[in-house]
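Each remark here refers to the structure printed beneath this line.
The values are calculated or read from the model by the stated rules, or taken from the named source; none is laboratory data. Computed from a predicted model, the values in this text were never measured in an experiment. Cβ atoms come from the backbone with ideal geometry, glycine included; neighbour counts cover every protein chain shown. SASA here: full protein model, heavy atoms, side chains in, ligands and nucleic acids out. Shrake-Rupley method; radii C 1.70, N 1.55, O 1.52, S 1.80 Å.
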Amino acid sequence: MQFTTPETPLGLMFDVNLGMTTDSVLALALLHGLAGKQECRVASLTINYPDLRAARLCDAIERYYASATGPGLGGSVPAAVPIGIVESRKAPADQPLLARTVALKDGEGSKIWASVIEKWNDTAIPEILIRNTLMANFDGRAAMVVSGPATNLATLLNLPDIIPLISAKLKVMVIADGEFPSGKSDPGFMSDLPAAKRVLADWPTPIVFSGRELGRQIPFPGASVEKAFSYNPSHPIAAAYRAGREMPYDAPAPAMAAVLYAVRRNEGYFKLSEPGVVSFSSDGGTEFRPSADGRHRYLIADPAQVERIAKVYVEMASAKPAAPPPRRLPPALQKLEEEKAAAAAAKKQTPPADPPKPR
Amino acid sequence: MIITRKAVARRTFLRGVGATVALPFLDAMVPALATAATTPKPPVRMAFAYVPNGLNFKDYKLGYEGKLEKLSRILQPLEPYKQDINVLGNLTHNAGRALLDGPGDHGRCSASYLTGLQPRKTMSDIKAGVSFDQIVGQHVGAGTSFNTLELGIEDARQAGDCDSGYSCAYTNNLAWRAEAQPLPPTLNPRALFERLFGDDAALSPEARRRRNLYRRSVLDLVQDEARQLSRDLGPTDQRKLDEYLSSIREIELQLARADKDSISIDPGFEKPYGIPADFAEHFSLMTNMLTVAFQSNLTRVATFLVTREGTSRTYREIGIPDGHHPLTHHRGQEDLVEKVSKINVYHMQQFATWIGKLKAIKEGDSTLLDNCMIVYGAGLADGNRHSHEDLPTIMAGRGGGSFQPGRSIVYRKETPMCNLFLTMMDRMGVPTEHFGDSSGALCGLDGLDLT
């Protein structure tokens, strides 16, 4: 495990319904783009609905980015981080987009997704993975983005001594769901109603919501896909995008907005609502009640920023996989290394002794 | 009904002048009119045998789940006992990871192994946590002579820096009575013997050598009582008692050999009195005594630090003059990898021999091994990578009948090792809600198919 220091980039934990929406895949790509710029780290990836195909998809995408070069779908590159997923022995529910995506084949008829995940025990227990990841981050140096059911967060809250840990480590918590200030949409976060209620009641830090309306107002521009990802004809993100719907289409992007806000909070991309309290109903209804001591806010689209944000979405989500950052050492060791390097450089500059005279 | 058999109390000792010998579990200790339901079950015992520096995973991993079939090279010595072991996969000690403390995996992994907590990175004001063997020992130790036993093989200094700023107290102890109080393992077989069976440990080596000239077997001291007891026992119990007393005699003879070793080998070397020169002999001696201690209910809980984390012990007896720890940082160099595997196999051979002894001892309708939970484990998975997930873990025994061994069980990734401890605490009759970073008891050890 890489040593973290207080200067290590923010560790982003992404709890995602990967493959349920195009947005979920794009948000993961955006996260990798930002990580490639060393603005954050992909600290943990957990999937919040019980379908092993989603874990395989996640593993394949991770392998692509871990390869750092070329198509990278050969399956020889280990996943950058273990994939957590909520487990269920029941047959998974029908997920049309996921089914289309995982069935994608390359020009030679082979499936393009290569993954080592075959069984549940090839994946991690999500709440333990999140807990362990929190412990590996300095205080206030972790962020969490959630897109999809609240299942994993609720089980996380069941762990002993977890509340102080979350409070200490999390800098920001963003949930990509809801219609603000009020409205109805397909249930996402609330599709596990008891879990969602538990999280809204007991989560110890402030929560920022990235609503569906924001995702519609600033979608990912579908027209850019062919050009932006053209450097790799087998790009997994582009392939997943094409599988989403008949091209071209603009994909609503609340999860992308959530990731972008979590990593670049001070860039002024979005406006923030006043504090308040969010409540959900099981049929997908959202209601925001302003309250001075409320711990919830939601993101608001700023018309002046829409174009800028869409550009960032395209640029970062389609960024070429970057080589991993150099191994970071604890400050004391880093200093030693620097001193060694300086000494070596000084030695190099010293003029060599006169060569022995030929006999 | 005429009852001719004489009952013997469970806590019966053979007493002589200067010696007290506890008895193993005998049939005569079962009340004559007992039914299956009322028959007292032998107690469940637990022990940990800890090996350092991880294992060579290429030669350790089974690569399959379910019924144990072909064993890997390192597990091969356990082939005769594969119906008595479960091989557990994917257990993780998060507390052994760097988290925010930088290098020092060896120091962390041994200190956190049984405590489940990350130790404070320090060389002076040490702090870990109470290890779970101590918690169990305090609860089940009332009917035994020793709440717990702590054994080891390698010299264990307790101060100084043993790994990147971690005190040697972290690498050289497994058991912790309190968060700042480790329990150093007993290394000297004679000291252990005398702790278990006699009281002349305080004598100097010279005085002991003089005394040994006139030394009588501890069994000589209790022979009158043993003879009298034997007359009251049935043939099965008579044989059991004879075997038990013979095993004590065997240990005495081993100790005598060890004493000879320590006198005859390398006079210039300050070797602790009574420690065998040979690793396998030392391992055998310690585990023989532990077996007797379990058999006679002197203790029910033990930890055995086979060698310490970061050890540079050499194994010339199997042709390896290189230090163990440096070898594990082989960076894939084939000849070094091979040596690591050889050491791993050598350790496993000693463990397998011990398991065989536990299995050979009958306890009612079961064996001593059936009533044990013996964990062979390491705090690092792969010594070259210093990884703390998928820790090598072998559980031998049936835990008093609650485990179904003979399988490879692979848990989900990140499953806390402390979940295994929680399960063992439950089987020891010490149900606990939470220990270390546990998230719940382990499923599958009882035979439930997790695949």
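Working from Cα pairs under 8 Å separated by at least six residues, relative contact order for chain A is 22 percent.
Other residues with beta-carbon under 15 Å from the beta-carbon of A:Lys184 carry, at +1 per Lys or Arg and -1 per Asp or Glu, a net charge of -4.
Among bridges DSSP assigns within the protein assembly as shown, what percent are antiparallel (round to 5)? Expressed as a percentage, antiparallel bridges in the protein assembly as shown total about 40.
Between B:Met417, B:Ile153, A:Met135, the Cα set farthest toward the positive side of the dipole of the protein assembly as shown (charges on each charged residue's Cβ, about the Cα centre) is that of B:Ile153. Across chain B, the mean sequence separation of Cα contacts (distance under 8 Å, 6 or more residues apart), normalised by length, yields a relative contact order of 30 percent. Each 10 Å bin from zero holds the following percent of Cα-Cα pairs in the range A:162-227: 17, 40, 27, 13, 3. Within chain B, the percentage of alpha carbon pairs spaced more than 28 angstrom apart rounds to 50%. Projected label points at A:Asp250 and B:Glu334, each 7 Å from Cα along the beta carbon direction, are separated by 6.1 nanometres.
Calculation over all alpha carbon pairs of chain A in 10 angstrom steps from 0 returns a P(r) of 5, 24, 33, 22, 8, 4, 2, 1, 0, 0 percent. Counting only protein heavy atoms and using a 1.4 Å probe, the accessible area of B:Val345 comes to about 30 Å².
Residues of the range B:401-423 buried by at least 50 Å² of accessible area upon assembly of all protein chains, compared with the chain on its own (1.4 Å probe): B:Arg412, B:Lys413, B:Glu414. Its DSSP H runs of at least 4 residues, each contributing -39,500 (n - 2.57), put the calculated 222 nm mean residue ellipticity of the protein assembly as shown at -10500 deg cm²/dmol, to the nearest 500. Counting only protein heavy atoms and using a 1.4 Å probe, the accessible area of A:Ser185 comes to about 20 Å².
The range B:108-166 has equivalent-ellipsoid semi-axes of 26, 14, 9 Å, by the square roots of 5 times the alpha carbon gyration tensor eigenvalues, sorted largest first. Taking 4.7 Å between C-beta atoms as the pairing limit, chain B has these partnerless cysteines: B:Cys109, B:Cys372, B:Cys418, B:Cys443. Sorting B:Glu150, A:Glu246, B:Glu243, B:Glu225 by solvent-accessible area of protein heavy atoms yields A:Glu246, B:Glu243, B:Glu225, B:Glu150, largest first, with a 1.4 Å probe. Extents of the range A:103-250, taken as max minus min of Cα coordinates on every principal axis and listed largest first, are 51, 40, 29 Å. Of the residues making up the range A:102-126, those losing 50 Å² or more of accessible area when the isolated chain is joined by the remaining protein chains, with a 1.4 Å probe, are A:Asn121, A:Ile125. For the protein assembly as shown, the Cβ-based charge dipole about the Cα centre amounts to some 820 debye (Lys, Arg positive; Asp, Glu negative; other atoms uncharged). Per residue, chain B exposes 39 Å² of accessible surface when a 1.4 Å probe is rolled over the protein heavy atoms with every protein chain present.
For the range B:329-451, the relative contact order is 17 percent, taking Cα pairs closer than 8 Å that sit 6 or more residues apart in sequence and dividing their mean separation by the residue count. Straight-line cross-link reach from A:Lys271 at under 12 Å between alpha-carbon atoms covers these aspartates and glutamates, not counting any fewer than eight positions away in the same chain: A:Asp302.
Taking all protein chains together, B:Leu253, B:Leu183 sort by accessible area into B:Leu253, B:Leu183, largest first [probe 1.4 Å]. Protection proxy ranking of B:353-362, B:382-391, B:84-93, by the mean of other Cβ atoms within 10 Å over each peptide's residues and highest first, is B:84-93, B:382-391, B:353-362.
With a Cα cut-off of under 29 Å and a minimum spacing of 8 residues unless on different chains, the lysine pairs in the range A:23-168 number 5. For the options A:Pro252, A:Pro82, A:Pro92, a Gaussian network treatment of chain A with springs between C-alpha atoms closer than 10 Å singles out A:Pro92 as fluctuating the most.
The C-alpha atoms of chain A define a longest principal axis, and helix A:331-349 lies at about 30 degrees to it.
When the range A:193-332 is described by a simple charge dipole with +1 on each Lys and Arg Cβ and -1 on each Asp and Glu Cβ, the residue from A:Ala323, A:Val312, A:Gly215 located farthest towards its positive end is A:Ala323. Projecting the Cα positions of B:Ala95, A:Met13, B:Leu75 onto the charge dipole of the protein assembly as shown (unit charges on Cβ atoms of Lys, Arg, Asp and Glu, taken about the Cα centre) puts B:Leu75 furthest along the positive direction. Sorted largest first by accessible area at a 1.4 angstrom probe radius, with every protein chain in place, the residues B:Cys168, B:Cys162 fall in the order B:Cys162, B:Cys168. On the range A:23-158, 53 percent of the accessible area sits on carbon and sulfur atoms, based on a 1.4 Å probe. With Cα atoms as the point set, the range A:191-282 shows a radius of gyration and Dmax of 16.7, 46 Å. Short to long, the 20 Å bins of the Cα pair-distance histogram for the protein assembly as shown hold 14, 40, 29, 14, 3, 0 percent of all pairs. Taking all protein chains together and rolling a 1.4 Å probe, A:Ile300 ends up with roughly 60 Å² accessible.
Of all lysines in the structure, those lying under 20 Å Cα to Cα from B:Lys339, and not within fewer than 8 positions of it along the same chain, are B:Lys58, B:Lys61. In this structure, A:Ser281 and A:Val116 have a Cβ-Cβ separation that, at R0 = 51 Å, corresponds to a calculated FRET efficiency of about 0.80.
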